Amino acid sequence: MKLRKTAAAAAVVLALTATATACGKSGSPDDKSDKAGDNKSAPPTPTYKVNTAADVKDSPVFEKIKGKTITIGTKADQPGLGYENPGTKKRTGFDVEIARMIAADLGFDEAHIKWQTIPSEARETQIASGGVDLYVGTYTINDERKKQVGFGGPYYIAGQDLLVKADSDIKGPDDLKGKKVCSASGSTPLKRIKEPKYGVAEAKAQQTYQLCVQEVVNGTADALTTDDSILKGYAAQNKGALKVVGNPFSKEPYGVGLKKEDKALRNAVNDALEAHMKNGDWKKAYDATLGLSGVAASNPPAVDRY
Ligand code: GLU
């Protein structure tokens, strides 16, 4: 299902849910990501102590949600980062853990988190309209987005890369001339790949990256481009058929999206991130999620209190 950019954000969210549910192989309860999430031999995710006395002075958003529930936007189809098991509805991944640790510091346990699956292109509208209180989903911090939303973090640095068929001879962005390349609407990788210097024949915009995975499998696209962190999960789901090229050509610092004018909440999110980076939760969460792709954690990045 493909919607026009002009579609209402709510419709986009609904469409995404339908797409994710209808997604065949990758949505099956037996796929790798679910095993990764539920794997008994995988290191456990940390437990976060809920701060029952949490208060964020001068935060309009916190004032609204205090003692109730926090609505957090994320992805549902990105194994290792933001993934929802279609059977159990269990959410797993590094982004989900980052969201859980921040929520705990703000006084919300799992029962008081309302998860919302939001695709890349609907993020700014959902944050600005109050549809979500926080957004944690492979969300690159950049100046253009800062005109509409605020960012806590960064909490991780990814890089744009390419997912191709296992027998493809594409080795990096210089090999994309005349090729069809798929990415998600509203994402930084889609925007970048349209730059004339890459000379792609067609930049295909899809609602989700999983739809681009299908395009590469079917041969209607030569490559899927997005962050290496996301692509590793898809390569693991399609072992032997697809591979990550491993030649990153951008820096994508992941931030926690929130209302632009809520500086108090931004400070509280940054305090939470710093505390969990320092006490070892960040690394434990990484090792139990993204780290399962075989890439060891580097040190957490310094948060940027702009
Ligand atoms: N990090 C990039 C972005 O924010 C790509 C991943 C995504 O679409 O979430 O656009």
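The values are calculated or read from the model by the stated rules, or taken from the named source; none is laboratory data. Everything quoted here is computed from the prediction, not taken from an experiment. Because the Cβ atoms are built from the backbone with ideal geometry, glycine has one as well, and the counts that use them run over all protein chains shown.
Condition check ((1) over 17 Å from the mean Cα position of the chain (by Cα); (2) closer than 23 Å to GLY233 by Cα; (3) acidic (Asp, Glu)) across all residues:
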residue	(1), (2), (3)
SER120	no, yes, no
TYR135	no, yes, no
ILE141	no, yes, no
GLN148	yes, no, no
LEU162	no, yes, no
LYS165	yes, yes, no
GLY172	yes, yes, no
**OP:** Could you list, in sequence order, all residues of the stretch 240-271 that are in a strand (DSSP E or B) and more than 16 Å from the ligand (Cβ to nearest atom)?
**Re:** LEU242, LYS243, LYS259
Subject >> Residue in the stretch 249-265 that is nearest to ARG123 (Cα to Cα), counting only those that are surrounded by 19 or more Cβ atoms within 10 Å (Cβ to Cβ) and under 19 Å from the mean Cα position of the chain (by Cα) >> reply: GLY257
Original post:
Would you call THR140 hydroxyl-bearing (Ser, Thr, Tyr) and in contact with a Lys or Arg (Cβ under 6 Å, 6 or more places away or on another chain)?
Top reply: no
**OP:** Output the qualifying pairs, or none if there are none: Cβ atoms under 6 angstrom, residues six or more apart or on different chains, first residue in the stretch 245-256 and on the phi > 0 side of the Ramachandran plot, second residue assigned to a loop (DSSP other than H, G, I, E, B) and at pLDDT below 95.
**Re:** none
Original post:
Could you list, in sequence order, the residues of the stretch 266-306 that are of a type in the set (Lys, Arg) and within 18 Å of the chain's Cα centre (by Cα)?
Top reply: LYS283
**OP:** Identify all residues within the stretch 202-239 that are in contact with a Pro (Cβ under 8 Å, 6 or more places away or on another chain), in a strand (DSSP E or B) and either charged (D, E, K, R) or modelled with pLDDT under 95 (or both); write none if there are none.
**Re:** ASP227
**OP:** Return the total of residues in the stretch 154-201 being surrounded by fewer than 20 Cβ atoms within 10 Å (Cβ to Cβ), outside any loop (DSSP other than H, G, I, E, B), within 13 Å of the ligand (Cβ to nearest atom) and touching a residue at least 12 places away in the same chain (Cβ under 8 Å).
**Re:** 2
**OP:** Search the stretch 209-239 for residues being farther than 24 Å from ASP95 by Cα and charged (D, E, K, R), and hand back the single one that is farthest from the ligand (Cβ to nearest atom).
**Re:** ASP222
Original post:
Taking the stretch 272-306 only, how many residues are within 16 Å of PRO79 (Cβ to Cβ) and surrounded by 14 or more Cβ atoms within 10 Å (Cβ to Cβ)?
Top reply: 9
